[in-house]
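A.B. asks: First, the structure itself, so that you have it in front of you.
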Amino acid sequence: MSQSSNSKSDKTKLDKSNSMWGGRFASGPAAIMEEINASIGFDKKLYAQDIAGSIAHATMLAECDIITVEDRDKIIHGLNTILSEIEAGKFEFSRALEDIHMNVESRLRDLIGDAAGRLHTARSRNDQVALDFRLWVKAELQKTAGLLENLIGAFLVRAEEHTGTVMPGFTHLQTAQPVTFGHHCMAYVEMFGRDLSRVDDALERLDENPLGAAALAGTGFPIDRHMTSKALGFREPTRNSLDTVSDRDFALEMLSLSSICATHLSRLAEEIVIWSTPQFGFVTLSDSFSTGSSIMPQKKNPDAAELVRAKVGRINGALVSLLTVMKGLPLSYSKDMQEDKEQVFDAAESLELALAAMTGMISDLTVNEAAMRKAAGSGYSIATDLADWCVREINMPFRDAHHVTGTAVALAVKKNVPLEKLTLEELQSINPSITEDVFSVLTVKKSVASRTSFGGTAPAQVKKQIRYWIKRMEKRSK
């Protein structure tokens with residue numbers, strides 16, 4: 001195409017842009033204004049939502065006798081044509097037309113003529129973008145819920161496999177008490193279950209239709225907002241037009257819950273990284289989620305886990321960015337809010353990728369039960385069982401039992417032997433009331449089995465936790 005043809009095309013697009021603004025502006029925007037103002041580079045992602053909203057709006061306008069049925073049919077046919085063009089990759093997006101709304105409307109005018117101008121009756125780009133963005137966030141949250149369900153399901157499978165597999169439980173990353181790997185898996189089920197409930201809560205709050213709030217004050221046309229709400233799958237319309245066009249809580253909530261979920265994923269990723277080291281050797285990642293070294297042929301790096309761990313930085317940054325954009329805005333709409341989408345788009349993509357990757361890792365990893373079992377008894381992890389025995393069997397106050405046990409551990413450390421390898425005489429030298437029965441509790445297996453309190457690590461309790469969550473997840477699928 002010649003340079004003169006390009007110039008002519010650009011001028012045509014600018015002329016169209018000016019026509020969208022009406023008679024207020026005599027000339028097109030300066031180049032730098034066009035650069036900072038255009039959002040089509042990212043908000044074209046909202047094309048399906050924009051067209052769905054316009055179809056619902058046109059249908060309602062005709063039903064309320066605001067436009068003719070003939071114009072409605074032309075508009076809907078034109079919008080469906082545009083949808084097909086975009087999905088086929090044949091639609092030419094224009095920066096001069098700023099955003100997805102004006103790009104679609106301009107093309108609609110090319111296709112159907114003056115009837116296209118009737119589509120914007122009783123609405124504004126303010127409520128239009130609020131609708132598009134809310135529909136997009138709603139769909140993404142529903143996708144996130146499905147990914148969380150998959151991850152929880154993967155953990156439930158591993159937990160069932162390992163209700164009796166003992167491993168060390170840690171505080172301060174120091175061996176604390178023996179637990180089971182099944183119990184450890186169920187800890188993450190609880191975490192991601194809370195994330196899932198936050199998604200549900202966010203979906204409940206955002207399930208209101210902004211279309212019809214218009215620029216900020218509503219409209220004088222006799223529209224039916226309940227009709228468009230039903231058509232677009234919302235529970236009901238929003239109740240205050242000022243709040244409607246200036247609200248981005250739904251996006252902030254999505255980013256907030258995404259940050260919390262990503263934090264949980266990062267904690268899990270950190271454990272996988274640690275557990276897969278030769279020093280721990282608790283798990284082995286499959287080749288599908290590992291990489292090698294360019295120089296060290298023996299290396300098998302947990303890159304997938306490390307990348308999941310890193311995603312929280314991007315997602316937290318997106319949350320802080322949007323909070324900062326919104327913090328000083330007076331009611332109602334301000335152009336600052338154009339900066340609301342890129343962070344949300346990026347965070348959603350990052351979280352979805354991290355959830356899918358983690359589900360794959362949990363499903364594929366190999367659990368080294370022997371290494372876990374060996375480590376479970378290290379670091380005098382059964383010391384609390386000695387203290388509990390003293391309380392239970394010889395009626396010793398717990399603080400005294402704690403002191404006795406601490407003395408026993410110090411002796412075992414001095415002799416470089418496990419706690420259970422101290423002799424009865426050595427234990428009785430610390431407290432004469434200790435009997436040989438104490439050795440019946442000084443094993444890792446019995447320690448784990450004794451933790452029968454509700455939510456404890458005893459295999460029987462873990463099985464109850466698993467059954468509870470299986471039923472809970474089955475209810476969601478109905």
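A.B. asks: Considering each of Ala31, Ala38, Ala96, Ala58 in turn, give the residue that is modelled with pLDDT of 95 or more and among the small types (Gly, Ala, Ser).
C.D. replies: Going through Ala31, Ala38, Ala96, Ala58 in turn, the sole match is Ala58.
A.B. asks: Could you identify the single residue in Ala217, Ala213 that is more than 30 Å from Phe181 (Cα to Cα), open to solvent by less than 10 Å² (accessible area, probe 1.4 Å) and either out of contact with any Phe, Trp or Tyr (no Cβ under 6 Å at 6 or more places or on another chain) or outside any helix (DSSP H, G or I) (or both)?
C.D. replies: Sole residue among the options that is more than 30 Å from Phe181 (Cα to Cα), open to solvent by less than 10 Å² (accessible area, probe 1.4 Å) and either out of contact with any Phe, Trp or Tyr (no Cβ under 6 Å at 6 or more places or on another chain) or outside any helix (DSSP H, G or I) (or both): Ala213.
A.B. asks: Does Arg158 satisfy the condition of being open to solvent by 30 Å² or more (accessible area, probe 1.4 Å) and either part of a loop (DSSP other than H, G, I, E, B) or modelled with pLDDT of 95 or more (or both)?
C.D. replies: no
A.B. asks: For Leu79, state whether it is under 31 Å from the mean Cα position of the chain (by Cα) and either touching a residue at least 40 places away in the same chain (Cβ under 8 Å) or part of a helix (DSSP H, G or I) (or both).
C.D. replies: Against the criterion (under 31 Å from the mean Cα position of the chain (by Cα) and either touching a residue at least 40 places away in the same chain (Cβ under 8 Å) or part of a helix (DSSP H, G or I) (or both)), Leu79 does not qualify.
A.B. asks: How many of the residues in region 121-137 are of a type in the set (Asp, Glu) and under 11 Å from Val245 (Cβ atoms)?
C.D. replies: 1
A.B. asks: Which of the residues spanning region 360-379 are assigned to a helix (DSSP H, G or I), closer than 20 Å to His183 by Cβ and touching a residue at least 60 places away in the same chain (Cβ under 8 Å)?
C.D. replies: Of everything in region 360-379, those that are assigned to a helix (DSSP H, G or I), closer than 20 Å to His183 by Cβ and touching a residue at least 60 places away in the same chain (Cβ under 8 Å) turn out to be Met361, Ile362, Ser363, Glu369, Ala371, Met372, Arg373, Ala375, Ala376, Ser378, Gly379.
A.B. asks: Given (1) loosely packed, with under 15 Cβ neighbours inside 10 Å; (2) without any contact (Cβ under 8 Å) to a residue 60 or more places away in the chain, identify the lone condition not met by Ala187.
C.D. replies: That leaves (1) as the condition not met.
A.B. asks: Exactly one of these conditions fails for Asp43: (1) at pLDDT below 95; (2) open to solvent by 30 Å² or more (accessible area, probe 1.4 Å); (3) part of a helix (DSSP H, G or I). Give me its number.
C.D. replies: Only one criterion in (1) at pLDDT below 95; (2) open to solvent by 30 Å² or more (accessible area, probe 1.4 Å); (3) part of a helix (DSSP H, G or I) is unmet by Asp43, namely (2).
A.B. asks: Out of all the residues in region 268-322, which are farther than 22 Å from Ala347 by Cα, in a helix (DSSP H, G or I) and of a type in the set (Gly, Ala, Ser)?
C.D. replies: Selection gives Ser288 alone.
A.B. asks: Could you list, in sequence order, all residues of region 323-348 that are in a helix (DSSP H, G or I), in contact with a helix residue (DSSP H, G or I) (Cβ under 9 Å, 6 or more places away or on another chain) and either open to solvent by 50 Å² or more (accessible area, probe 1.4 Å) or on the phi > 0 side of the Ramachandran plot (or both)?
C.D. replies: Leu323, Lys335, Asp336, Glu339, Glu342
A.B. asks: Would you say Gly182 is open to solvent by less than 10 Å² (accessible area, probe 1.4 Å) and in a helix (DSSP H, G or I)?
C.D. replies: It is true that Gly182 is open to solvent by less than 10 Å² (accessible area, probe 1.4 Å) and in a helix (DSSP H, G or I).
A.B. asks: Determine whether region 402-415 contains at least one residue that is over 23 Å from Gly169 (Cα atoms) and either at pLDDT below 90 or not in a helix (DSSP H, G or I) (or both).
C.D. replies: No, because not a single residue in region 402-415 is over 23 Å from Gly169 (Cα atoms) and either at pLDDT below 90 or not in a helix (DSSP H, G or I) (or both).
A.B. asks: Let me ask another. Which pairs turn up if I take residues in region 82-110 that are farther than 14 Å from Gln128 by Cβ and β-branched (Val, Ile, Thr) and look for partners that are at pLDDT 95 or above and part of a helix (DSSP H, G or I) with beta carbon separation below 6 Å, at least 6 apart in sequence or on another chain?
C.D. replies: Here the result reads Ile82/Val104; Ile82/Arg107; Ile86/Tyr47, each pair linking region 82-110 to a residue that is at pLDDT 95 or above and part of a helix (DSSP H, G or I).
A.B. asks: Can you tell me which residue is surrounded by the most Cβ atoms within 10 Å (Cβ to Cβ) among those in region 423-450 that are assigned to a loop (DSSP other than H, G, I, E, B) and touching a residue at least 12 places away in the same chain (Cβ under 8 Å)?
C.D. replies: Among residues in region 423-450 that are assigned to a loop (DSSP other than H, G, I, E, B) and touching a residue at least 12 places away in the same chain (Cβ under 8 Å), the one surrounded by the most Cβ atoms within 10 Å (Cβ to Cβ) is Ile434.
A.B. asks: Which one of Phe221, Phe234, Phe282 is modelled with pLDDT of 95 or more, of a type in the set (Phe, Trp, Tyr) and within 20 Å of Ala139 (Cβ to Cβ)?
C.D. replies: Sole residue among the options that is modelled with pLDDT of 95 or more, of a type in the set (Phe, Trp, Tyr) and within 20 Å of Ala139 (Cβ to Cβ): Phe234.
A.B. asks: Then there is this: I'd like to verify a number: residues in region 86-115 that are in a helix (DSSP H, G or I) and under 15 Å from Glu35 (Cα atoms), how many?
C.D. replies: 3
A.B. asks: Now for a separate question. Being polar (S, T, N, Q) and free of Cβ contacts under 8 Å to residues at least 24 places away in the same chain is the filter; apply it to region 451-460 and report the residue that is farthest from Ala376 (Cα to Cα).
C.D. replies: Result: Ser453.
The values are calculated or read from the model by the stated rules, or taken from the named source; none is laboratory data. For clarity, every value in this text was computed on a predicted model and none was experimentally measured. Here the Cβ is made from the backbone with ideal geometry for all residues, glycine too, and neighbour counts use every protein chain on show. What goes into the accessible areas is simple: the full protein's heavy atoms, side chains included, and nothing from ligands, DNA or RNA. Shrake-Rupley method; radii C 1.70, N 1.55, O 1.52, S 1.80 Å.
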